[in-house]
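All remarks here apply to the structure that follows.
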Amino acid sequence: MNRATKSGIAAEAQSKVEAKYSEQLAAECLEWIAAVTGKDVDPSGSMDNFYEQLRNGVLLCEVINALKPGHIKKIQTSSMAFKCMENINNFVDGAKACGVPSQETFQTVDLWEKQNLNSVVICIQSLGRKGSQFGKPSIGPKEAEKNVRNFTEEQLNASNAVISLQYGSNKGANQAGMSFGNTRHM
């Protein structure tokens, strides 16, 4: 495979990732960050603005500290790459500590190298749904709550007496005589 083909495949994959990005959800995330931190944030959901607002990780760390005060001990203010990436990593760890499932988090390079900003939006949306648990505003749909039901033994046994036709019936049908195509030769 030559270099032009590889770069074409990479560009196609990147365009698929960018197609999933929603400016509306990104704007909602930035507005939520502004509400939680009290900072002045440009709420434009454009990909470039979203990236510029969050790329050094300082704002993200402030979100975690607003939800869980003191969770991130030192926020790096340096613009050096490894310091910014440390901030982003601290945010991801803080989001997990706030209850964001690991499948809804992102890798540091997704934000730092602008590889997959959609996964960053997903993570912030997930964290935003948990905001009310920390006395802060929340975004997105309300989180489901546990609804445990306790049945008595009598109620459980009552279901054994019912012959349910909801399960359907195949009226004695089976797969005897079914042969489609050739047999597999090994």
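Here are some notes:
- Number of residues in segment 117-151 that are of a type outside the set (A, V, I, L, M, F, W, C) and in contact with a Phe, Trp or Tyr (Cβ under 6 Å, 6 or more places away or on another chain): the value is 3.
- Every pair of residues 6+ apart whose Cβ atoms lie under 8 Å, when the first sits in segment 54-66 and is at positive phi while the second is open to solvent by less than 10 Å² (accessible area, probe 1.4 Å) and aliphatic (A, V, I, L, M): Gly57/Ile88; Gly57/Leu111
- Test set (1) loosely packed, with under 15 Cβ neighbours inside 10 Å; (2) of a type outside the set (Phe, Trp, Tyr); (3) in contact with a Pro (Cβ under 6 Å, 6 or more places away or on another chain) - Glu31 fails condition number: (1)
- Within segment 106-130, the set of residues being small (Gly, Ala, Ser) and either under 11 Å from Ala26 (Cα atoms) or surrounded by fewer than 21 Cβ atoms within 10 Å (Cβ to Cβ) (or both) comprises Ser119, Ser126.
- Gly70 vs. criteria in contact (Cβ under 8 Å) with a residue 12 or more places away in the chain and either open to solvent by less than 50 Å² (accessible area, probe 1.4 Å) or assigned to a loop (DSSP other than H, G, I, E, B) (or both): no
- Selection status of Ile88, modelled with pLDDT of 90 or more, open to solvent by less than 60 Å² (accessible area, probe 1.4 Å) and touching a Phe, Trp or Tyr at 6+ places or on another chain (Cβ under 9 Å): yes
- Matching residues, segment 73-85, being open to solvent by less than 50 Å² (accessible area, probe 1.4 Å) and hydroxyl-bearing (Ser, Thr, Tyr): Ser78
- For segment 34-56, the tally of residues that are in a helix (DSSP H, G or I), among the aliphatic types (A, V, I, L, M) and open to solvent by less than 20 Å² (accessible area, probe 1.4 Å) stands at 2.
- Scanning segment 93-104 for residues that are open to solvent by less than 10 Å² (accessible area, probe 1.4 Å) and over 15 Å from Trp32 (Cβ atoms) yields a count of 1.
- Segment 117-137: number of residues that are more than 12 Å from the chain's Cα centre (by Cα) and in contact (Cβ under 8 Å) with a residue 12 or more places away in the chain: 6
The values are calculated or read from the model by the stated rules, or taken from the named source; none is laboratory data. Owing to the predicted nature of the structure, the values given are computational and were not obtained by experimental measurement. Cβ: placed from backbone, ideal geometry, glycine included. Neighbour counts: every protein chain shown. SASA here: full protein model, heavy atoms, side chains in, ligands and nucleic acids out. Shrake-Rupley method; radii C 1.70, N 1.55, O 1.52, S 1.80 Å.
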